[in-house]
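*Asks:* Okay, handing you the structure first.
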Amino acid sequence: MSLFNITTFVVSFLILLSISLFKNFPIFSGIQKSIIYAPLSYVIILFFISLLFFKKEEEEKLANIIFSLFIVSSALLLFPASFQVNDDIEIIKFVGNGFDTTFMSVLLGRILSFLYLDITADIPWYTFFLYFCHIISVTLIITGIKVLRLKRIVSSIIFTIFISYYLYFLILLTFTSTALMLGITSCFLYFCLLENKEAHRNNLNHIYILLTLGLFISSCYLIRTSAAKGISLLSLPIFLYYYKKWKSHLILFFPIAIIISLNIYLENYTTTSAYKEFNEFNQQRGKVHGYPLRKINKKRLLEANSWTENDFLLFVFYWTFSDERKYNFKTLSLIKEIESPLKPFSVQEIKNILKSNKIFIIEHLSEVLFLFSLILLLLFPSAGKKKFFLISFSVYVISIVAIMNTYYRFPPWVSKPVFLFILLSMLLHGKDKKIDTSKINALKSGAFIVFGLIFIINSIIELEREIIFQNNSSLKRENIEKKLLSIDKNPVFYILPRISMFPRNSVYRDYNDSKIFDLASGWSTFSPYFHNKINSIGINTGSDILPWMINHSNTYFITDYTDYTADYSNRLVQFIDETYMIKCSVENIKYFDRFLIFRLKKTDSKLENK
């Protein structure tokens, strides 16, 4: 790596640091009001650095790594970072206490547990690992762009588009998007190598590279299995397109097969029966929660599960299911069994698909317009096999996205990586020396540039809104916890899992030292970790939680105070009356921000339990 490039990185880093340190000074008060100020400055500076970086044609692997490290570290220094969802916090609690987690592979979970328990718990190993994966992902993208041998300005534009979108994953960290991006970028570089014959002249070096990429894809599987399955589904047409490179495919999949086999062995033969039972239950719960339920014969379901209508509503809308007698693998299985069978070609189903995807397109208009302009730009100059592939691939991925958005969960931490995969795949297959560039007229080029700029600006605005939201001190977990601890010296909380209780959780904190003791934790309910936690305070089973809370004055419930959860406390009182025959009333303790804290007081009790 040249001294000039190193100097450029150092100077640019100092400029970015200056912006971060001095943007709160009075002289910048007017600029601060512009919501695109900080991220826009960052992206513009990275664009000019990339012009210098992509100047050289020869590959410098060390330079690629240093550039990626610079991008990730500078972004973390300049912008606040937090976990996007509470799932990551639960994973930290699991591995930090030596428990296997169902959301992450057993193999990776045990490696992290070893670091937390046998090395030191003072280092946020989970966070470091996810950001290490992001450094690898950015490195793979930079390397792939170089392998394609594009013009310098084109490489810089592609890089800028990519990084303006990728920043979202750095400041809103979650294991799902990390796994998806690691798998997507690994596949992208692999396909770039297949597209560029010069990239693998040295057969031995080529084998090492493919084995390394196979390890990265394996890591995607270890972080989140469903992410690896999604990438396999999306990339299947591209693997088939390169079917003549089957020897390369075999080398790539060799380490993947070994890692998957090892993890399956560990999961089947080294885990406890309690883990397996919970894993079975959690998989079934995942098929119900967060997915749109089709038409159900409610009367038949309530009779089969011995549920009241209140039991059903609490489960569907509030995720209150700490009583394993009512909510278990059998009762959840019946929900899916009683659902009306899917009729994909019925008028109603087609209307559902159109309606849900119309909303999706409106919410992601800048991405949709940019992709459409890119398809137009690449499609019409292409011919023969390349043109057929671009058309087929476009139809294929659009169909998958439509189905995912209609029948499954498709949140931003999934949809955004999928969009980047489609974008990178289009760019990869749009590079063809046989394309007649004269057919790329000014109108199509202009549309691509305009929609590209709109896309970048929209990404930056979305990023800045998130930064402003994160800087709101009232939403930070530490400040919320202080307010909760002011209620009682040793409070025990039952946090309604579906609420965004702690919307901004620091990525650097050890959540195992939290003074907030929460009994119910969403998907971790009924896990070995869950039972270990409640047993530590004298509760035997999940069904004993609510009676125990009524009999202890230091226990509290927390909900979002919105129209959606306004009747939660009343339904909870009804649930306790119907299930335990205990009469109780609600005592509101405190409102703050958008949260309501209340507890239950026993008013009358019957001796027998249902």
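*Asks:* Given contacts defined as C-alpha pairs under 8 Å and at least six residues apart, what's the relative contact order of the stretch 126-249, whole-number percent?
*Replies:* Reported relative contact order: 30 percent.
*Asks:* By how many nm would the segment from Tyr242 to Glu324 grow when fully extended, if each residue of separation counts as 0.36 nm and the alpha-carbon distance is taken off?
*Replies:* 24.5 nm
*Asks:* Going by average Cβ neighbours within 10 Å, how do the peptides 396-409, 413-426, 172-185 rank, with the highest at the top?
*Replies:* So the peptides 396-409, 413-426, 172-185, ranked by packing, come out 172-185, 413-426, 396-409.
*Asks:* Next up: Taking a 32 Å limit on the Cα-Cα distance, which of the listed pairs Lys416/Lys533; Lys298/Lys590; Lys151/Lys355; Lys355/Lys416; Lys515/Lys601 fall beyond it?
*Replies:* Details: Lys416/Lys533 35 Å; Lys298/Lys590 36 Å; Lys151/Lys355 42 Å; Lys355/Lys416 20 Å; Lys515/Lys601 24 Å.
From Lys416/Lys533; Lys298/Lys590; Lys151/Lys355; Lys355/Lys416; Lys515/Lys601, over 32 Å: Lys416/Lys533; Lys298/Lys590; Lys151/Lys355.
*Asks:* Additional query: Once the Cβ-Cβ distance between Lys287 and Arg152 is put in as r, and R0 is 51 Å, what FRET efficiency do you end up with, to the nearest 0.05?
*Replies:* Computed FRET efficiency for Lys287 and Arg152 comes out at 0.55.
*Asks:* Given H placed on each backbone N at 1.01 Å, which residues far from Lys590 in sequence or on other chains put an amide H within less than 5 Å of it?
*Replies:* Sorted by chain and number, the residues that satisfy this are Ile597.
*Asks:* Still on this structure, I have one more. In square angstrom, rounded to the nearest 10, how much accessible surface does Lys355 have for a 1.4 Å probe?
*Replies:* Surface open to solvent at Lys355 totals about 140 Å².
*Asks:* On to the next question. Where a ≥ b ≥ c are the square roots of the eigenvalues of the C-alpha gyration tensor, would you call the stretch 167-317 rounded, which needs a/c under 1.5, or, failing that, prolate if a/b is larger than b/c, or oblate? Let's see the in-between values first.
*Replies:* Numbers: a/c = 2.81, a/b = 2.25, b/c = 1.25.
It is prolate, given that a/c is not under 1.5 and a/b is the larger ratio.
*Asks:* Within a Cβ distance under 11 Å of Asn554, other residues only, what is the Lys/Arg minus Asp/Glu net charge?
*Replies:* With Lys, Arg at +1 and Asp, Glu at -1, the net is +1.
*Asks:* Roughly how many nanometres apart are two label points built 7 Å out from the Cα toward the Cβ at Asn196 and Tyr265?
*Replies:* Those two pseudo-labels are separated by 3.7 nm.
*Asks:* Does the stretch 134-225 classify as rounded, prolate or oblate by the C-alpha gyration tensor (a ≥ b ≥ c root eigenvalues; a/c under 1.5 gives rounded; else a/b over b/c gives prolate, otherwise oblate)?
*Replies:* Since a/c reaches 1.5 but b/c is at least a/b, the shape of the stretch 134-225 is classed as oblate.
The values are calculated or read from the model by the stated rules, or taken from the named source; none is laboratory data. All figures in this text were calculated on a predicted structure; none of them were measured in a lab. All Cβ positions, glycine included, derive from the backbone under ideal geometry; neighbour counts span all protein chains shown. Only protein heavy atoms, including side chains, enter the accessible area calculation; ligands, DNA and RNA are left aside. Shrake-Rupley method; radii C 1.70, N 1.55, O 1.52, S 1.80 Å.
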